[in-house]
1. Checking the conditions here, which among B:101, B:95, B:69, B:127 is among the aliphatic types (A, V, I, L, M), in a strand (DSSP E or B) and out of contact with any Asp or Glu (no Cβ under 9 Å at 6 or more places or on another chain)?
2. Working only within segment A:41-83, note down all residues that are of a type in the set (Val, Ile, Thr) and either open to solvent by 50 Å² or more (accessible area, probe 1.4 Å) or more than 14 Å from chain B (Cβ to nearest Cβ) (or both).
3. Do we have residue B:58 as out of contact with any Gly (no Cβ under 6 Å at 6 or more places or on another chain), outside any strand (DSSP E or B) and open to solvent by less than 30 Å² (accessible area, probe 1.4 Å) here?
4. Give segment B:72-113 a look and list any residue that's facing chain A (nearest Cβ under 8 Å), touching a residue at least 40 places away in the same chain (Cβ under 8 Å) and more than 14 Å from the chain's Cα centre (by Cα), or say none.
5. Does segment A:1-59 hold any residues that are over 30 Å from residue A:128 (Cβ atoms) and β-branched (Val, Ile, Thr), and which are they?
6. Here's a check for you: in segment A:9-29, which residue that is among the polar types (S, T, N, Q) and closer than 23 Å to residue A:97 by Cα is modelled with the lowest pLDDT?
7. Do you know which residues across segment B:114-124 are open to solvent by 30 Å² or more (accessible area, probe 1.4 Å), away from every other protein chain (no Cβ under 11 Å) and part of a loop (DSSP other than H, G, I, E, B)?
8. Is it the case that residue A:86 is surrounded by 20 or more Cβ atoms within 10 Å (Cβ to Cβ) and touching a helix residue (DSSP H, G or I) at 6+ places or on another chain (Cβ under 9 Å)?
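The values are calculated or read from the model by the stated rules, or taken from the named source; none is laboratory data. Worth saying up front: this structure is predicted, and the values here are computed from it rather than measured. Positions of Cβ are generated from backbone atoms using ideal geometry, with glycine treated the same way; all protein chains shown enter the neighbour counts. Areas reflect the complete protein model, heavy atoms only, side chains present, ligands, DNA and RNA absent. Shrake-Rupley method; radii C 1.70, N 1.55, O 1.52, S 1.80 Å.
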Amino acid sequence: MAPVAPRSGDAIFANVERVNAELFTLTYGAIVRQLLTDLEEVEEVNKQLDQMGYNIGIRLIDEFLAKSNVSRCVDFKETAEVIAKVGFKMFLGVTASVTNWDADGTCCSIVLEDNPLVDFVELPDTCQGLYYCNILSGVIRGALEMVSMKTEVTWLRDMLRGDDAFELQVKLLKQVPEEYPYKDDE
Amino acid sequence: MAAIYSLYIINKSGGLIFYKDYGSAGRMDTNDSLRMASLWHSMHAISQQLSPISGCSGIELLQADTFDLHCFQSLTGTKFFVVCEPGTLHMEGLLKHIYELYTDYVLKNPFYEMEMPIRCELFDINLSQAIQKDRVALLGR
């Protein structure tokens with residue numbers, strides 16, 4: 001049977017059920033506000049958002065793989081392109097771009113011009129250390145971990161802090177393929 | 001007629017998380033099905049090492065005289081395999097569809113714990129519908 005060709009982000013986004021953008025923004029905002037009330041420390045909230053994102057990412061990856069039909073990526077460059085062009089489009093309806101590759105090809109930046117999570121949001125002075133969209137860094141980290149890549153995802157630019165775009169740095173720490181201990185007998 | 005005997009889903013560590021049998025032939029008790037799952041997990045892994053070409057993704061089809069075994073492994077390491085009558089067609093499509101049902105009714109259930117046995121009623125219902133539709137499609141020819 002001929003392999004099914006991978007679908008573009010636009011095609012998948014057009015076919016999935018969608019939700020009202022305001023409801024999405026309001027729900028996310030309610031989560032962040034509740035975390036701030038419960039945890040009080042901005043650092044704790046950042047950590048919790050990342051953890052929540054991680055828990056989403058580990059489940060989201062199979063959904064992504066099932067709906068998009070992408071085959072195994074050859075290298076990390078392809079992985080980053082797929083995340084930016086297909087992944088972000090499919091789940092958030094926005095296209096991101098990949099820039100700033102380092103010499104090894106293990107570290108890059110994913111830049112988002114548009115971000116539905118932050119519509120209508122302004123950070124007050126009391127929350128200046130808050131990474132409002134930290135859930136996204138957790139999602140990417142969790143998703144990549146399930147396909148054997150340990151990564152570190154951090155924010156370089158954040159529009160809520162005055163920058164001109166959202167920039168996520170994704171750094172591949174190591175590839176950890178499933179190892180089977182059959183060589184132990186030697 | 002062409003029929004499915006059983007369906008197994010194995011997590012990435014080789015543990016059986018779902019088993020369903022569909023015929024009176026080849027019924028297995030819990031212990032046997034667990035054993036079968038870990039055996040298959042090991043064989044699948046060994047087959048990747050045996051391949052003369054690197055980048056092999058493991059056994060996709062095993063044909064014996066009394067059954068066929070079709071296996072689909074997702075990029076996350078979860079394996080879906082079905083034991084069916086020899087010559088049954090469209091099993092790859094069915095496995096892909098079952099993968100989609102898994103991502104919907106199992107993974108999106110917030111109370112399902114990852115890598116644990118699947119106990120999701122919605123998954124069972126939709127799976128039965130999918131298998132039924134497949135059976136009807138095959139018999140209809």
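1. Result of the check over B:101, B:95, B:69, B:127: B:69.
2. Scanning segment A:41-83 gives A:42, A:45, A:56, A:74.
3. Details: out of contact with any Gly (no Cβ under 6 Å at 6 or more places or on another chain): yes; outside any strand (DSSP E or B): yes; open to solvent by less than 30 Å² (accessible area, probe 1.4 Å): yes.
So residue B:58 passes the test.
4. Result: B:76, single match.
5. Correct list: A:4, A:12, A:16, A:19, A:58.
6. First, the residues of segment A:9-29 that are among the polar types (S, T, N, Q): A:15, A:20, A:25, A:27.
Applying the additional criterion that residues be closer than 23 Å to residue A:97 by Cα yields A:15, A:25.
Values: A:15: 85, A:25: 94.
Among those residues, the one meeting the criterion is A:15.
7. B:116, B:117, B:119
8. Taking the combined requirement at face value, the residue satisfies it.
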